[in-house]
Each structure stands twice: as structure tokens, then as C-alpha cells.
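Structure record follows, encoded as C-alpha cells.
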Amino acid sequence: MTVEEEVKQIVSRIVHVEESTITREGTFKEMKADSLDIVQALVAVEEKYDIEIPDEEAQKFTNFGDFVDFVVAETAKKG
Amino acid sequence: MVNPLQGKVALITGSGRGIGKATALRLASDGCDIVVNFFRRRDAAEQTAEEIRALGVRAEVVKANVGDPAKIEEMFQFVGEKFGYLDIFISNAASGVGRPVFDIDAKAWDWTMNINARALLLGAQQARPLMTGRGGKIVSISSLGSQFVWPTYTAVGVSKAALEALTRYLSIEMIPDGVSVNAVSASAVNTEALQFYIKEGYVKDMNATTPVGRMVTPEDVAEAVAFLCSEQAYMIRGQTIIVDGGTSVSLYPPVIEKGEA
């Protein structure tokens, strides 16, 4: 499974949306995720990959694709 | 004058910003080494640590979600590894879901209760072996929402009521460990967290409705915390000290003549 698929799975579970409806261009707002959903999704992804996604970085994400790209970059850094 | 807290170590949860940061700096100014804890904002925590070090004491930064028991354990392990003991534990980190009663689901309730109330229980349990025999102090940070009703504040208010009750129980059960436990409760404090309520229109000009004529600042709260951490407060146990400029004892604050701002 790719990082994108894994992150999609986590977001789907926390926000309660079908995985198939999550696209790279989609946003948390479109998924009707509230601030608690978003924090819990970020924390779940942090724990899955043992990375850090500080709020100051997360605020820069414009869509799900940005989120995934950040996670991919951080996991790559860890090797 | 000798710094009263020289050689002591304090862990302050949620100390990157707001009341936690002001408390960290206040205790550091008395010579205390500080462990800064954060959850979501590393930049703010690192900035706080820099400001603490500039006061000539040691500062360490540890990330932990205090809503997660495993992370609390890791945070205290970090303190043990870095310092080997702990003198002061300030349970300050708070979060919450601002919703009317009928919109609060189990997830929002658990999130709020775990971070705001359970974290003191688990934190005190972890702090105990590091504090025993050192005359330790634990202070929890509450809010007037534990006693009074604010719009959408239900989950947080209830969690703060639990926090205050737990503070009373801990204060008695930790006497054999030589640890004092108290709480400081504040009305609306001028922090980033308050900005949410202002933005949502739930809080207006608190300067006008606070009897002393200005809002409570993080530094006002930090002063009360510092006093409870001093030996002068030895006989104060299990209390919730209210820092609110007179708000909670005043039914009609706007008609009261203001003190100096």
C-alpha cells in the first residue's frame, strides 16, 4: 500500500467518509471534517509514520494532496 | 537575594503559549529549571525554551499529547532521564470542543475530558515517584467555566469541574508524599485560546465587564501559580484560587466603579 493509500485510509476512518471520495484535490472542509477530526487525523498519521506535522505546517496544506506530499517527504527524510 | 526555586525542576504542560508559557517564565525567573511540553506547536515551545534559557536556567522541550496515557508516561520518562527528579508539576495543557450541549458527541467529550481532567490524574501518578521526599507542588489550571455557564463551553466547563474535584482528592492523598496540590482558576484570559471565542462572537470586551477594569492576563495567573509553588503556601491544600479581577463575585460588573486599569 502506498503512503497516499494509507493516509487515505486513516482519514476515512477518522472523518467517516468513503475512501473512494477522497481525492488529492479534495479538502477537509469538503469532507465536512471539524477541527477535532483534523487534529485526530494529523496525530494518527504522525503516530503511524513516527513523524511530526506541526500545526504551522498543517496550516499550509491547501488540499489532501499537499498533506500526503508532506507525509511522503517527512517519511523519506527518516529513510 | 537567592533565587527561591534554584535547583528545582518544573514540568509545565502546554507551555509553548498562553498561561503555560507565562508560568514557565515566572518559575524560571525564580531560578527553576523548566521542562516545556507542547502538542501541536513546536515552534512556540522552542521559542519559550529560548526565553527561559535567557533567564539563566535550563530548559528542555518534550512533545506529548496529554490526552494519551502512553505519551504522558513517555513525557515523565523524559523528565526522569534529563533531571532524575521533579519538584513542580503544572497541569495546564487544555483543549476542548466548543459546541452546544446537544451537539457534543462521545468523541468530543472524551477528547476534552482526557486532555483537561484525566491528564492530571495520570500525570500526578507519574510525577509521584519523581517528587517524593522533595516537598513537591502540583498546580492544575482551571477556569470559571467549572462553576458558571458560557455558551458552547459545556465540555470544557465540565472537565474543569472534574479537574478541581480531582485536585481536592489528590491534595489529601499526596500528603504522605509531601506534595501540595492546588488549582488556579481564571476567568477569560487574554490568550490565543480566547481569540476563538471572540471570533465566534461568544466573548466581547472583557475589559469592560471585569470589575478591576482590565482583563486577566497570563501573567496574573502565573503569579498565583508561583505563590502556590512557594513554601509560603504550605498550608493551602486542595484549594482552587480564583484569579478573575472580581468577575465571579460581581453580579452586575458594569455598574461598579472601575479600579485602575
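So that you can scan it fast, the table gives a plain yes or no per residue for (1) over 16 Å from B:Lys82 (Cβ atoms); (2) surrounded by fewer than 24 Cβ atoms within 10 Å (Cβ to Cβ); (3) within 14 Å of chain A (Cβ to nearest Cβ):
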site	(1), (2), (3)
B:Gln6	yes, yes, no
B:Gly14	yes, no, yes
B:Ser29	yes, yes, no
B:Ala45	no, no, yes
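Sub-8 Å Cβ pairs linking a first residue in the stretch A:11-30 that is within 21 Å of B:Ala106 (Cα to Cα) and without any contact (Cβ under 8 Å) to a residue 60 or more places away in the chain to a second residue that is among the polar types (S, T, N, Q) and not in a loop (DSSP other than H, G, I, E, B), at least 6 apart or interchain, are A:Ile14/A:Gln40, ordered by first then second residue. Answer yes or no as to whether B:Gly20 is at pLDDT 95 or above and part of a loop (DSSP other than H, G, I, E, B). Taking the combined requirement at face value, the residue does not satisfy it. Tell me, please, whether a residue that is more than 18 Å from the chain's Cα centre (by Cα), farther than 18 Å from B:Val139 by Cα and free of Cβ contacts under 8 Å to residues at least 40 places away in the same chain can be found in the stretch B:226-240. No; the residues of the stretch B:226-240 include none that is more than 18 Å from the chain's Cα centre (by Cα), farther than 18 Å from B:Val139 by Cα and free of Cβ contacts under 8 Å to residues at least 40 places away in the same chain. Filtered by the rule that a residue be among the acidic types (Asp, Glu), part of a loop (DSSP other than H, G, I, E, B) and surrounded by 15 or more Cβ atoms within 10 Å (Cβ to Cβ), the stretch A:48-68 gives no residues. Only a single item in (1) outside any helix (DSSP H, G or I); (2) of a type in the set (A, V, I, L, M, F, W, C); (3) surrounded by fewer than 24 Cβ atoms within 10 Å (Cβ to Cβ); (4) modelled with pLDDT of 95 or more is not met by B:Val2, and it is number (4).
Elements of the type helices (runs of 4 or more DSSP H) sitting completely within the stretch B:61-173 and holding at least 2 residues that are at pLDDT 95 or above, surrounded by fewer than 19 Cβ atoms within 10 Å (Cβ to Cβ) and within 14 Å of chain A (Cβ to nearest Cβ): these cover B:69-82, B:106-113.
Checking the condition at pLDDT 95 or above, assigned to a helix (DSSP H, G or I) and within 14 Å of another protein chain (Cβ to nearest Cβ), which residue from A:Val71, A:Val45, A:Val39 passes?
A:Val45
For the stretch B:174-193, filtering for residues that are of a type outside the set (Ser, Thr, Tyr), modelled with pLDDT under 95 and crowded, with 17+ Cβ neighbours inside 10 Å leaves 5.
Only one of B:Arg58, B:Arg41 is in contact (Cβ under 8 Å) with a residue 24 or more places away in the chain, under 25 Å from B:Glu223 (Cα atoms), within 14 Å of chain A (Cβ to nearest Cβ) and among the charged types (D, E, K, R). Can you tell me which? None of the others qualify; the one that does is B:Arg41. Screening B:Val62, B:Val2 for residues that are in contact with a strand residue (DSSP E or B) (Cβ under 7 Å, 6 or more places away or on another chain) and more than 25 Å from B:Gly145 (Cβ to Cβ) leaves exactly one candidate, B:Val62.
If you go through the stretch B:98-147 and keep only what is under 17 Å from the mean Cα position of the chain (by Cα) and small (Gly, Ala, Ser), you end up with B:Ala117, B:Ala119, B:Gly123, B:Ala124, B:Ala127, B:Gly136, B:Ser140, B:Ser142, B:Ser143, B:Gly145, B:Ser146.
For the stretch A:7-18, the criterion of a residue being among the charged types (D, E, K, R) and not in a helix (DSSP H, G or I) is satisfied by at least one position. With respect to the conditions (1) outside any helix (DSSP H, G or I); (2) at pLDDT 90 or above, B:Glu257 lacks only one, and its number is (2).
Of the listed requirements (1) charged (D, E, K, R); (2) away from chain A (no Cβ under 14 Å); (3) in contact (Cβ under 8 Å) with a residue 12 or more places away in the chain; (4) more than 23 Å from B:Arg134 (Cβ to Cβ), B:Glu50 misses just one: (3).
For B:Ala10, only one of the following conditions fails: (1) over 21 Å from B:Ala222 (Cβ atoms); (2) among the hydrophobic types (A, V, I, L, M, F, W, C); (3) outside any loop (DSSP other than H, G, I, E, B). What is its number? All conditions are met except number (1).
The values are calculated or read from the model by the stated rules, or taken from the named source; none is laboratory data. The structure displayed is predicted, hence computed values, not measured ones. In this analysis, Cβ positions are derived from the backbone assuming ideal geometry, glycine residues included, and neighbour counts consider all displayed protein chains.
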